[in-house]
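Working notes, structure below.
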Amino acid sequence: MTTTPVQADLPEGWTSTTPTERDVEDLVRLLRRHEKQARGWPGADSENVAADVTGRGVRTRTHLLVRDSSGVARAWVSCHDRAAGRVLVGVTVDPDLPETEADVVAAYAFAAAEAFSLEIGRRRGVDDFHMDSGAFQDDARQHRWLEESGFTKVRDWWQMSRPVSPDEAAPEAFPPPREGVVVRRVRRDDHVGMPEEQDLRDIHFVLEESFADHFNSYRETFEEFVGRLREDPGHRWDHWWLATVDGEPAGAVVATTVTGRLDSQGRPQPDGSYIDYIGVHQRARGRGVAKSLLRAVIADAAARGRNRVGLEVDADSPTGAHGLYTSMGWRTAYVTESWHKDVAIPAT
């Protein structure tokens, strides 16, 4: 395990600061340049970046913006206190920089990310943790920087999308769930619109149990779970579904609204839905619960006039989820990777 961050410096005249609301559009442009170079098309939008940097999400995140001597945004470091023992790390370096200069900036950014992560670990009171970063599959530059910073590639993720047609909103578009299976949205109080706590607790329970044996699963308290998901700008309570089997909580979906996305030519796309989490309790597998939940999301997206439903799946999923998604029309749009670095917190 690494015990101290690598020391690095910025080029002369460059500065690093905590970004504010005034910096959001510069961060969006920086991220879009990176996405276009690394994946082939940009997708970043102001709403999501603002949510991370200045919105509700800022309470669990640490950010650093690097500008060159002319004031141009050249790098962005983001560290998210995701759970005890786990920090999500994002490092974005401007692809327009010459390689030698980009290498210097990347070394500084990854050293800053480790320093921030150590602070988060100390606040959490843990002895060690891992930094969890990522990269697009074909981004050789980011792969090299991750390796040089002590990260190891640990997983591939298929980013999948399924088109939605208007006729899928019709009640007869899909067969009903199997006998004993009921899929419904979370119940909400008619007066204040807030969901019933028991439904949310049932969803939390089902997802925690469903992912207990999955890669990189970390336990979250109920309060952490609900608070984190509410930070997403696409969060909507009417995008949470609970499935029961013979009256017992058995499956759950948490989805979000995707707005403001652009296609590969930079043209605005219609809104979409995205499945953040889908899980089925082990005791209910084989009853068609996952398929029924997926059909509920598709029908909902069609009823809202959306054109797609996206999701992410572990390339090595122990449940064979990829086969189910493919059979229902999902296709892989691109691949991302998880890279981890284990860090021990030095004794004080």
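Every number here is computed from the coordinates shown, using simple stated rules; none is lab data. This one's a predicted model, so the numbers in the text were calculated from it and none came from an experiment. Cβ coordinates were reconstructed from backbone atoms using ideal geometry, including for glycine residues, and neighbour counts include every protein chain displayed.
So, R0 is 25 Å and r is the distance between the beta-carbons of D138 and E47; what FRET efficiency does that work out to, to 0.05?
On the way: r = 27 Å, r/R0 = 1.07.
Calculated value: 0.40.
Let me know the charge dipole size of the range 165-306 about its Cα centre in debye, to the nearest 20, where only the beta-carbon of Lys, Arg (+1) and Asp, Glu (-1) is charged.
Working: 19 positive and 25 negative charges, 83 e Å.
For this selection, approximately 400 debye.
What is the gain in length, in nm to one decimal, between R304 and S70 on full extension, counting 0.36 nm per residue of separation less the C-alpha to C-alpha distance?
Values: separation 234, 0.36 × 234 = 84.24 nm, distance 4.54 nm.
So the extension gain works out to 79.7 nm.
What list of ³J(HN,Hα) couplings, whole Hz, do you get for the range 295-309 from phi and the Karplus terms 6.51, -1.76, 1.60, once you set θ to phi - 60° and write x for glycine and proline?
Those phi angles translate into 5, 5, 5, 4, 4, 5, 4, 5, 5, 8, x, 8, 10, 6, 10 Hz.
Using only Cα atoms, tell me the angle between helix 197-210 and the longest principal axis of the chain; keep it within 0 to 90° and round to the nearest 10.
Long axis of 197-210 versus the principal axis of the chain: about 70 degrees.
Going by how many other Cβ atoms sit within 10 Å of their own, how do S273, S16 line up, fewest first? Intermediate values should be presented prior to the final figure.
Working: S273 25, S16 17.
Ranked by crowding around the Cβ, least crowded first: S16, S273.
Given a Förster radius of 41 Å and the C-beta distance between W237 and A344 as r, what FRET efficiency does 1/(1 + (r/R0)^6) yield to the nearest 0.05? Don't skip to the end; give the middle numbers.
Working: r = 40 Å, r/R0 = 0.99.
That gives a FRET efficiency of 0.50.
Which FRET efficiency value, to the nearest 0.05, do you get for K153 and A84 by plugging their Cβ-Cβ distance into 1/(1 + (r/R0)^6) with R0 = 22 Å?
Working: r = 24 Å, r/R0 = 1.08.
Efficiency, rounded to the nearest 0.05: 0.40.
Specify, per residue and in Å³, the volume enclosed by the convex hull of the alpha carbon atoms belonging to the chain. Walk me through the intermediate numbers first.
On the way: hull volume 51.2 nm³, N = 348.
Once divided by residue count, the hull of the chain is 147 Å³.
Using only alpha carbons, build the gyration tensor for the range 165-306 and give me the equivalent ellipsoid semi-axes, biggest first, whole Å. Mind dumping the intermediate values first?
Numbers: eigenvalues 117, 79, 50 Å².
Equivalent-ellipsoid dimensions as semi-axes: 24, 20, 16 Å.
Can you sort R86, R59 so the residue with the fewest Cβ neighbours within 10 Å comes first?
Details: R86 20, R59 9.
If I rank by nearby Cβ atoms, fewest first, I get R59, R86.
Among bridges DSSP assigns within the chain, what percent are antiparallel (round to 5)? Let's see the in-between values first.
Values: 65 of 73 bridges.
So the antiparallel bridges in the chain amount to around 90 percent.
Please give the calculated 222 nm ellipticity per residue for the chain, where each DSSP H segment of at least 4 residues contributes -39500 (n - 2.57) and the sum is spread over every residue; nearest 500 deg cm²/dmol? The partial results should precede the final answer.
Details: 8 runs with 104 residues, N = 348.
Dividing the helical sum by the residues of the chain leaves -9500 deg cm²/dmol.
Aspartates and glutamates near K341 by alpha-carbon distance under 13 Å, same-chain residues fewer than 8 away left out - which ones?
E114, D128, D132, E147, E148
Once you place label points 7 Å from the Cα toward the Cβ at A315 and E99, how far apart are they in nm?
2.4
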